[in-house]
Amino acid sequence: MIRVKFDDIPATNSPGGNNKKNSLFLWVLIGVIVLVVILIIYSVMSSNSKGKLEELDSNSRLVQSLYTSVHDFKSTSPYWMYEGENSSLIVNMTESNKLVLAYLNLKASDFLAPDSCELLPQENYYGKLVCSDKTLVKREDVERSYKEVFGDKAALNTAINMRVNPDSEIYIYNSDQDAYVLYSSATDSSEQKFSKAFKYNYNIYQAEKEGDTVRIYEELTVERTATGSLENQSKYLYTFVLGDDNMYSYTSIEKIA
């Protein structure tokens, strides 16, 4: 009797096994194709969504918060920080004027009274120390405000003073305190800080969002207070771009009419 081991028996391909393998490969291929198509469709839709132009309500929180952050509406001269600027790009704006906007966007809680005014320099080249509940602002708070307006990558320069108004008050950085200290050149506390010769009438007539960019269109008229006569009429475009920190940065102001 001849004995044959099972291992010695030649293997034969099963038609059924091949069909199963071919069917599995086909389903995997179909799945890959479907996934690729879905990814392409999503990419196209996402791209179209980013570039879609959307009209914004001029009274919305987003528009109002951005618009008020770049003006001094507490004064009678809300545009004074833009005087002398030659470029519409904020990146080219002078540091002195940038710090005005940083000051305007500080929180009420950022202003502090010193432990003792006598420990601070009482006078310097600019003027006399103002001892009040707003004498100090910590450098870190000014830096936070600066970045909130101009973006997380913006760098604060403490060598530049922070003006409160164009006439008499200014914050000067004190390295010993690591804070900005308020000084005034005014000789009379009742001195007017801003000229009231002109009245500014401003209106947001359009606001829009396109992808990561918000544009605010403003109409401005300037009247002479005494006579009511029209001194100037113009239109401006303010542009803000969403940064990696998910906050809008002020990028440009442009006169368009």
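The values are calculated or read from the model by the stated rules, or taken from the named source; none is laboratory data. No experiment lies behind these values; they were computed from the predicted model shown. Using ideal geometry, Cβ is built from the backbone for each residue, glycine included, and neighbour counts are taken over all protein chains shown. Surface areas here come from the heavy atoms of the whole protein model, side chains and all, with no ligands, DNA or RNA. Shrake-Rupley method; radii C 1.70, N 1.55, O 1.52, S 1.80 Å.
Of all residues in region 122-158, exactly one satisfies the criterion of being open to solvent by 90 Å² or more (accessible area, probe 1.4 Å) and in a helix (DSSP H, G or I), namely Glu140. What residue, of Lys50, Lys20, is at pLDDT 55 or above, within 19 Å of Val214 (Cβ to Cβ), among the basic types (Lys, Arg) and surrounded by 10 or more Cβ atoms within 10 Å (Cβ to Cβ)? Just one listed residue meets the conditions, Lys50. I'm checking my understanding of the structure. Among residues of region 217-257 that are within 22 Å of Gly151 (Cβ to Cβ) and in a loop (DSSP other than H, G, I, E, B), which one is least open to solvent (accessible area, probe 1.4 Å)? This residue is Gly243.
Residue count for region 100-147, restricted to those that are within 29 Å of the chain's Cα centre (by Cα) and of a type in the set (Ser, Thr, Tyr): 5. Could you please find all residues in region 63-87 being over 23 Å from Val241 (Cα atoms) and open to solvent by less than 40 Å² (accessible area, probe 1.4 Å)? Those that are over 23 Å from Val241 (Cα atoms) and open to solvent by less than 40 Å² (accessible area, probe 1.4 Å): Ser75, Ser77, Trp80.
If you filter region 88-121 down to residues that are assigned to a helix (DSSP H, G or I), among the polar types (S, T, N, Q) and open to solvent by 20 Å² or more (accessible area, probe 1.4 Å), you find that the one that is nearest to Pro78 (Cα to Cα) is Ser96.
Among the numbered conditions (1) in contact (Cβ under 8 Å) with a residue 40 or more places away in the chain; (2) in a strand (DSSP E or B), the only one that Pro166 does not meet is (2). For the structure I just gave you, tell me whether Ala197 is under 30 Å from Thr227 (Cα atoms), among the aliphatic types (A, V, I, L, M) and loosely packed, with under 15 Cβ neighbours inside 10 Å. So Ala197 fits the description; yes.
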